[in-house]
Amino acid sequence: MSQIQAPLFSATGESMGQFDLPDAIFSGVGSKRVLQEVIVGLQANQRRGTSMTKTRGLVSGGGRKPWKQKGTGNARSGSIRSPLWRKGGIIFGPQPRSYRTDLDQSRRFLALQTALFEKAKASELGIFEAIQCGQGKTQEARKLLDKAGMSGKILLVTDRKEVNVSRAFGNIKNVCLVDASQLNAWQLMASKKVLFTKAALDELAKRWPKG
């Protein structure tokens, strides 16, 4: 397999040609099926599961029969809490429950590997030598992205959290910052562009098995 490359940018956003992505991280094709399963699992784990409707046993009222059984011309009815009545109980409505699914580390890792490969193959990945926002101003971050020609939903992956970088990019719509140690497949696939710093790639490599 030929070396996968991504555009390289300087700390000021200027193009510096192509960067050879490390084979240890970007050489594995992975599994799209596992990628889909892991993303669905990660999304399910974010659900609070607090939706609830009242059954006939929880609806107030209905302590007596609305009318006598015979002679009124009405249909037989035993309680105004019946699901057949307006404002009655709900049949088979949602109840509080957990949607959490267990995702083992091997599947999470394979999904991350697949997502990285897909982003690199689709030319939706870029590398910065470093990101410097000395004053932590949003204007600095906007100029950096504009100079690099980046727009849309962007995922910026750094090796560690820096106050000035977080402050500069935090107010820009559709830009999300994440540490390389916390990166997952869902974040990658949900973004139009993924930007790594060189230091973030080194940090990401620590999550890869040796050999």
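Every read-out reported here was derived from the displayed coordinates using simple, explicitly stated rules and does not represent laboratory data. Quantities reported herein were computed from a predicted structural model and do not represent experimental measurements. Please note: Cβ atoms are built from the backbone with ideal geometry, for glycine as well, and neighbour counts cover all protein chains shown.
The modelled label-to-label distance between Ser27 and Val163, using points 7 Å beyond Cα along the C-beta direction, is 4.2 nm. Each of Ile154, Ile172, Ile131 was scored by other Cβ atoms within 10 Å of its Cβ. Listed from fewest to most, they are Ile172, Ile154, Ile131.
Sorting Asp179, Asp104 from the fewest to the most surrounding beta carbons within 10 angstrom yields Asp104, Asp179. So if R0 is 45 Å, what FRET efficiency would Ser60 and Lys137 give, r being the distance between their Cβ atoms, rounded to the nearest 0.05? For R0 = 45 Å, the calculated efficiency reads 0.20.
Inter-label distance, Cys176 to Phe92: 3.4 nm, where each label sits 7 Å from its Cα along the C-beta direction. Each residue of segment 48-98 gets 69 Å³ once the volume of the Cα convex hull is shared out per residue.
Cross-linked pairs Lys32/Lys198; Lys137/Lys192; Lys32/Lys161; Lys137/Lys206; Lys121/Lys147; Lys161/Lys198: Cα-Cα separations exceed 21 Å for Lys32/Lys198; Lys137/Lys192; Lys32/Lys161; Lys137/Lys206; Lys121/Lys147. Less than 5 angstrom separates the built amide H of Leu125 from those of Val194, all sequence-distant by 5 or more or on a different chain.
With viscosity 1.567 mPa s and temperature 4 °C, the Kirkwood radius over alpha carbon pairs of the chain converts through Stokes-Einstein to a diffusion coefficient of 62 µm²/s. Does segment 1-90 classify as rounded, prolate or oblate by the C-alpha gyration tensor (a ≥ b ≥ c root eigenvalues; a/c under 1.5 gives rounded; else a/b over b/c gives prolate, otherwise oblate)? Here segment 1-90 falls in the prolate category. The smallest convex shape that holds all Cα atoms of segment 13-61, its convex hull, gives 168 Å³ per residue.
Couplings 3J(HN,Hα) of segment 73-89, computed from phi: x, 7, 5, 5, 8, x, 7, 6, 8, 4, x, 7, 8, 5, 6, x, x Hz, in residue order, whole Hz [Karplus 6.51 cos²θ - 1.76 cosθ + 1.60, θ = phi - 60°; x for Gly and Pro]. Against the chain, whose longest principal axis is taken from its Cα atoms, helix 138-148 shows a tilt of about 70°. Mean residue ellipticity, 222 nm, helices only, the chain: the sum of -39500 (n - 2.57) across DSSP H runs of n ≥ 4, divided by residue count and rounded to 500, is -9000 deg cm²/dmol. The modelled label-to-label distance between Lys68 and Gln43, using points 7 Å beyond Cα along the C-beta direction, is 5.8 nm. Between Pro94, Pro66, Pro22, the residue with the greatest mean-square fluctuation in the GNM of the chain (Cα pairs under 10 Å linked by springs) is Pro66.
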